[in-house]
Every structure is written in structure tokens, then in C-alpha cells.
Amino acid sequence: MKDRAASLFPLVMLLLLAALTLWLNRVIQADNPRGPQRHDPDYWVERFEVRRFDIEGKLQHTLIAARLMHYPDDDTTVVTAPHITYHQQPPTEISSRMGYIGKDGKQVDLVDEVRVIRHGATVDAPPTSLETRTLKVFPDEERGSTNDAVVVSQGKSILRGTGLDIDNRSGVTVLRGRVTGTLHRNRTETP
């Protein structure tokens, strides 16, 4: 009988150790659920302004927005009513209803009612306006692109395309896809 109890002792200890391991695993897993994390902001800012300067200390661009919310589970930042202004001459303004800032801040995805206004080089020159649904902006490089329908207007001239690449530094805008439009020229009367 003693030999039988002595041979069962290691088995009982092994079962006890396995039960203790399972219990510890459940206690630890209760603190860290297996399901998806909640998508709650860890901080938010209302009515803010961020200014970016170049290497020489000259104001490059300004971002103003109604609200910023950061979500730690996927490291996303959402801004409402963003308005970006590039301060070179002539100035360029970009606005939309929503914006999503990438993890490193190098990319901003603007969504809903995106509008870009490049003011005229002179007082008499009309501004160039661009409207689209989405625009991917790289603020430091002053570039942007979209694959959505685009309407570009300047005075009475209107161009439409199905995509766009814009480079604010060079002032070059490339409409892609099927491009249609009406160009009006300013007629000056000669005596």
C-alpha cells in the first residue's frame, strides 16, 4: 500500500502543478483579453494651431483644426475641420471636413469637401481653386494626390479630371484620367 501511495505521489504533484499553471494562465489572461482593444482616444485637443518652420527658421506651413483625437490602439490621429496654410508667395490654403494624420506626421489624408485655394500672384490675378472628395497631402514636401474626381477653376475657366498630382513648390498640377474643361481667356481691348 505504501509503495502504491509513493508511486501516485509524483502523479498527484504533477496534476496539482498543471492545475496551478492553468489557474495562473487564466488570471493573467483576464487582465489582457484576447479580443480587439477598445478604440478610445488617449488624448484630445480642441481649437489648436501648429506651425512648422524650415531649417532657416522661416514659417513653412500652419495647421489649424477644431479638434484632434489620438487613438493609441492603432496610433492614428484624427482632426476635424483641418486648415493648412503654406506661407510662400503666393500662399496656398487647404481645408476639409476631416483629416487623418499618419504615425510619423509625414502624411495627412484629407476627406470630405477638400478644397485647395492657391491665391493669385498679383492682386488682379484670380485665385485657382481645386475641389475633390479626398486628398493625400505630404506637408513637408508640399505635394498631394488623389484618385477621385477633381474640379479646378480659375475665374471662368473650369477643368475636370479623375485624379490629380499637385506640387506646391513648383506650382505644377497634373490632372489625370479623362480631362474636360472650358478655358476662358481675358480679352484686353486695344485702341
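The values are calculated or read from the model by the stated rules, or taken from the named source; none is laboratory data. Please read all numbers here as calculations on a predicted model, not as lab measurements. Neighbour counts are summed over all protein chains in view; Cβ atoms, including those assigned to glycine, are modelled from backbone coordinates with ideal geometry.
May I ask you to list the residues in segment 51-61 that are surrounded by fewer than 15 Cβ atoms within 10 Å (Cβ to Cβ) and part of a strand (DSSP E or B)?
Going residue by residue through segment 51-61, those that are surrounded by fewer than 15 Cβ atoms within 10 Å (Cβ to Cβ) are 51, 53-59.
Within segment 51-61, R51, F53, L59 meet the criteria.
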Restricting segment 71-82 to residues that are under 24 Å from T146 (Cβ atoms) and not in a loop (DSSP other than H, G, I, E, B), the one farthest from the chain's Cα centre (by Cα) turns out to be T80
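Look through T76, T80 and report the one residue that is surrounded by 14 or more Cβ atoms within 10 Å (Cβ to Cβ), in the same structural domain as P139 (by TED's automatic domain parsing) and in contact with a strand residue (DSSP E or B) (Cβ under 6 Å, 6 or more places away or on another chain). Break it down into steps so the answer makes sense when it comes.
Values: T76 fails: in contact with a strand residue (DSSP E or B) (Cβ under 6 Å, 6 or more places away or on another chain).
Sole residue among the options that is surrounded by 14 or more Cβ atoms within 10 Å (Cβ to Cβ), in the same structural domain as P139 (by TED's automatic domain parsing) and in contact with a strand residue (DSSP E or B) (Cβ under 6 Å, 6 or more places away or on another chain): T80.
Conditions (1) surrounded by 15 or more Cβ atoms within 10 Å (Cβ to Cβ); (2) in a strand (DSSP E or B); (3) in the same structural domain as E49 (by TED's automatic domain parsing); (4) not small (G, A, S), marked per residue:
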{"position": "L63", "(1), (2), (3), (4)": "yes, yes, yes, yes"}
{"position": "A66", "(1), (2), (3), (4)": "no, yes, yes, no"}
{"position": "M69", "(1), (2), (3), (4)": "yes, yes, yes, yes"}
{"position": "I84", "(1), (2), (3), (4)": "yes, yes, yes, yes"}
{"position": "Q89", "(1), (2), (3), (4)": "no, no, yes, yes"}
{"position": "I94", "(1), (2), (3), (4)": "yes, yes, yes, yes"}
{"position": "G99", "(1), (2), (3), (4)": "yes, yes, yes, no"}
{"position": "K103", "(1), (2), (3), (4)": "no, no, yes, yes"}
Quick check on segment 89-109: of everything there that is at pLDDT 85 or above and under 14 Å from N168 (Cβ atoms), which residue is farthest from the chain's Cα centre (by Cα)? P91
